[in-house]
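Read-outs throughout are calculated quantities, based only on the coordinates presented, and are distinct from any laboratory measurement. The model shown is predicted, which means the values in this text are computed figures rather than measured ones. Here the Cβ positions follow ideal geometry from the backbone for every residue, glycine too, while neighbour counts run over all protein chains shown.
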Amino acid sequence: MAGPVQSIERAAAILRLLAGGPRRLGLGEVASSLGLAKGTAHGILRTLQHVDFVEQDEATGKYQLGAALLHLGTSYLDVNELRSRSLNWADALAARSGEAVRLGTPLEGQVLVIHHVFRPDDTLQTLDVGALLPLHASSLGKVLLAFGAEPVEPLLEEGLAAYTRHTLVHPEEVKRVLGEIRELGWGAEVQEMAMGEAGIAAPIRGHGGLVVGAIGVSGPVERICDTQRRPQPALITLLREAARAISRDLGAARW
Amino acid sequence: MVERYVMSIDQGTTSTRCILFDHRGRLVSVAQREHEQHFPRPGWVEHDAVEIWRNLQRVVPEALTSARTDPDQIAAIGIANQRETTVLWDRRTGAPLGRAIVWQDTRTASLVEELGKQPGEEFFLERCCLPPSTYFSAPRIRWLFDHVDGLERRAQNGEVLFGTIESWLIWNLTGGRDGGLHITDPTNASRTMLINIHTLDWDEELMEFFGVPRAMLPEIRSSAETYGEADAVLPGVPITAALGDQQAALFGQTCFSPGDAKCTYGTGSFLLMNTGTDAVRSRHGLLTTVAYKIADHPTVYALEGPIAVTGSLVQWFRDRLGLIHSAPEIETLARTVEDNGGCYIVPAFSGLFAPHWRSDARGVIVGLTSYITKGHLARAVLEATGWQTREVVDAMNADSPFTLKRLKVDGGMTSDNLLMQFLADVLDVPVVRPLVAETVSLGAAYAAGLAAGYWPDLEVLRSNWHRAAQWMPEMDPERREWEYACWQRAVERSLGWIQPRSGK
């Protein structure tokens, strides 16, 4: 196993230093307090500023802890902002796939639907925004679990409700499937929440690759899957392109 | 078979965008560049027409590259543009004579006030169906003649050309000083105050009144026909459509039947209703405008209600008050409370546009008590957009023979679910968002593709339109009426705030 990463140790020291007093500190004070070269301290401070852990006063150029640190435990991306920034890509995904599109984020052990684009066939459909879905029985939920947007243990301890005979109810099974989703980069639900219905979903990533939500396509099982009940490869490609495009817009460099 | 596309150029107030669409009206690629806003004095807004033309020359190849396509795969070019913005340029050199004066610019305010007294509103309403306003182009030409030495004489000698942005771009695209086409379309021409809205020709009396010589005016062609081939940027590709941006959005929303209406929610908002082949003269503070004219088909008209401040109120809340970090967060903040707590905001930042047209109004926040939180203010910010739309819809229903049955919406604010639900609630009709949010670009593409035979008829375009979301009215009627009455009382309090200083 590799030793500690020096720049992370230094970043932690800078945060502790800034947290230590009520006063803002200048670059020189930070560098001399920690025995760092000014250039080194500046690089770390700028990175911390980029992720909103540190703020710089415009007038004096001095540094203090950022507001984001106070909300570390809660989602850092506003759900309404996530919807707004996904809008064009979600529309394009619905247009190209011909199916309904939903975006979900975790909320108190469930999936909150934060955006819904109708299946583009002009049939009567009602807006699902604000609805809650089960984490273990929806493709959106399984993706959020697989990529750590929501912890899986409390769910397994509580016990898994069966919605159909295909719902995953055994903890071992859930863990295996989440592992597969991590490997593939997308997840599916085939008649696990409702008979005759299927869906696929992929993660949306923000800065640093952190998963902030999931985007999914869903519809009748015979349209989402092939005759073997496996999701259509063409749909998966469209879905993953949309997820990557949104992630790129949110600042996830590698996706 | 090689796929062919239609190219749409949307020259807007802040940026120039080039978008390619396929046969099913789906977006294939986008390229965009912003241009600089010049504010040389309070109330003045200018653009550099050369910068805009240069941006166009950049975004076109960018859009082609990102779609991995060549100019010979482009079936036609359509142009949508910011309306009323005025460019004057030298016919011989092609150089603009000063910066373009943008539609938001209010330098002609005192001139416009005089026009209201002499010859009076009626003179203009009879001919061009527009009341005098700083919004339109002709007063700007007059202002330039009065403030730039020798300009009027040069114009009379035929050395100067006038155009709104689409004229400037088409002239440059088709060869510029080497035989460039100097043309416009009726949707743009109908916003100059220089045409007779019924004959769609330059009006002798209006030209004489403003002192604008015919030689400087572009030829008025229809909104969709083959104007000519591009010479620069996309040699050989036909240019087949030009529409003002709001009319393009109406077309992109496929509002082809009388009574169809759309509202585009951006910085400001623009509600347009198709009134068919009748130019309905408004008695309730709306503008009569040309919706589109396809080749030699009869002209289709629209009633328009422009609202000056909607999205920009959210921006003000973010940038000036700092109560939110991003515009979409307004919804999060608004949802922290159940209702507005009795608080209303009338955003008359530079007076009120439709249906009031009161330049003496200024913004007010009313109903403040110690109970009010920033959450209530956020609600009031969103509700202001809802109620302003309601006022325009009421005027539409009073003016036109059609009653609004549903409202098609587009623009950035349609991502706000709380606002869209509120809109359905206060209008008491379903609010519908289409699958393609880029309706301005789509409308220009549709008109261009129609003229080029890429799409056969309006029916095919209609079948390309799909519903992406719909909000149904849920508000209790009694509550709706009470809230509306409160809003109207708030508006009354915003009126007449600006008064001349005493002792002057």
Surface/4 estimate of mean projected area, convex hull on alpha-carbon atoms of chain B, nm² = 23.9
In chain B, with Lys and Arg counted as +1 and Asp and Glu as -1 at Cβ, which of these residues, B:GLN388, B:THR254, B:LEU27, has the Cα nearest the positive end of the dipole, that is, farthest along it?
-> B:GLN388
When only Cα pairs under 8 Å and 6 or more residues apart are kept, what is the percent relative contact order across region A:174-255?
-> 28
Sorted by Cβ density within 10 Å, fewest first, the residues B:LEU352, A:LEU65, A:LEU184 | A:LEU184, A:LEU65, B:LEU352
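Using only atoms on other chains, find how many Cβ atoms lie within 10 Å of each Cβ of peptide B:416-425 and report the average.
Going residue by residue through B:416-425 and averaging, the value is 2.
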Order of A:HIS170, A:HIS42 from fewest to most other C-beta atoms within 10 Å?
-> A:HIS170, A:HIS42
What is the spread of the Cα atoms of region B:360-425 along each of their three principal axes, largest first, in whole Å?
-> 46, 32, 19
Between region A:12-85 and region B:182-245, what is the C-alpha centre distance in whole Å?
-> 56
Label-point separation in nm, B:ARG68 to A:ALA162, each point 7 Å along Cα→Cβ = 4.8
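Set the Förster radius R0 to 25 Å, insert the Cβ-Cβ distance between A:LEU132 and B:VAL337 as r into 1/(1 + (r/R0)^6), and round the FRET efficiency to 0.05.
Efficiency, rounded to the nearest 0.05: 0.70.
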The protein assembly as shown, dipole about Cα centre (Lys/Arg Cβ +1, Asp/Glu Cβ -1), debye to the nearest 20 = 1600
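Using r as the Cβ-Cβ distance of A:ASP57 and B:THR14, and R0 as 35 Å, what FRET efficiency do you calculate, to the nearest 0.05?
Numbers: r = 30 Å, r/R0 = 0.86.
It comes out at approximately 0.70.
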Report, in debye and to the nearest 20, how large the dipole of region B:155-232 comes out about its Cα centre when Lys and Arg carry +1 and Asp and Glu carry -1 on their Cβ.
-> 160
Would you mind checking region A:1-39 for residues with the amide N under 15 Å from a putative spin-label position 7 Å along Cα→C-beta of A:HIS50?
-> A:7-8, A:11
Using mean Cβ contacts within 10 Å as the protection proxy, how do B:246-252, A:55-61 order, highest first?
-> B:246-252, A:55-61
Treating the Cα atoms of the protein assembly as shown as identical point scatterers in vacuum, please give the log10 of the normalised Debye intensity I(q)/I(0) at q = 0.05, 0.07, 0.09 Å⁻¹, two decimals.
-> -0.29, -0.57, -0.93
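Take every residue in peptide A:83-96, count the Cβ atoms of other chains within 10 Å of its Cβ, and give the average of those counts.
5
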Direction-averaged shadow area of the convex hull around the Cα atoms of region B:179-306, nm²?
-> 9.4
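Going by how many other beta carbons lie within 10 Å of each one, how would you line up B:CYS263, B:CYS486, fewest first?
Listed from fewest to most nearby Cβ atoms, that is B:CYS486, B:CYS263.
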Inter-part distance where region B:85-134 and region B:161-177 are each reduced to a Cα centre, Å = 19
Which whole-number percent is the relative contact order of chain B (Cα, under 8 Å, 6+ apart)?
-> 15
Within region B:1-131, percent of DSSP bridges classed antiparallel, to nearest 5 | 70
Throw me the Rg/Rh for chain A, computed over C-alpha atoms with Kirkwood Rh, two decimals.
-> 1.07
Tell me, in nm to one decimal, what length is gained between B:ASN397 and B:ARG92 on full extension, where the rule is 0.36 nm per residue of separation less the Cα-Cα distance?
-> 104.9 nm
Considering Cα pairs under 8 angstrom that are at least six residues apart, work out the relative contact order of region B:1-81 and quote it in whole percent.
-> 39
